[in-house]
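The structure appears below as structure tokens.
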């Protein structure tokens, strides 16, 4: 499985309604992909003080890289990626994207493996 992590630096002058609309578009695109397992997004929470200017995050789990690539192509069709870069501080400089494998999730000793399970509803 692939975890697609997106960190965003969104300036304070961007209205919350515009940010929420963008996150909804990202969610809609993710939900349209057959191999998407989980989606979450939102504003950073107080805590570590090490956010380095990133204000929002999006996390999407996919069954494989092919499913992730379908999602990315869906964003291109609707120009969501371009609009997102127009919203962030410094354009593409305000976006950080990482993809990591989550095939080997570890849990505390004695804990049950909490690897996400796929279920069709």
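The values are calculated or read from the model by the stated rules, or taken from the named source; none is laboratory data. Since this is a predicted model, take the numbers as computed values, not measurements. Cβ atoms come from the backbone with ideal geometry, glycine included; neighbour counts cover every protein chain shown.
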Tell me, yes or no, whether segment 76-85 has at least one residue that is over 16 Å from the mean Cα position of the chain (by Cα), more than 16 Å from residue 40 (Cα to Cα) and surrounded by 12 or more Cβ atoms within 10 Å (Cβ to Cβ).
-> yes
What tally of residues in segment 75-121 results from selecting those that are part of a helix (DSSP H, G or I) and at pLDDT below 85?
-> 5
Please enumerate the residues belonging to segment 1-18 that are out of contact with any strand residue (DSSP E or B) (no Cβ under 7 Å at 6 or more places or on another chain) and not in a loop (DSSP other than H, G, I, E, B).
-> 16, 17, 18
Within segment 30-40, can one find any residue that is surrounded by fewer than 14 Cβ atoms within 10 Å (Cβ to Cβ), in a loop (DSSP other than H, G, I, E, B) and out of contact with any strand residue (DSSP E or B) (no Cβ under 8 Å at 6 or more places or on another chain)?
-> yes
For segment 14-47, the count of residues that are without any contact (Cβ under 8 Å) to a residue 12 or more places away in the chain and closer than 24 Å to residue 90 by Cα equals 8
Would you pick out the residues in segment 41-52 that are surrounded by 13 or more Cβ atoms within 10 Å (Cβ to Cβ) and not in a strand (DSSP E or B)?
-> 44, 51
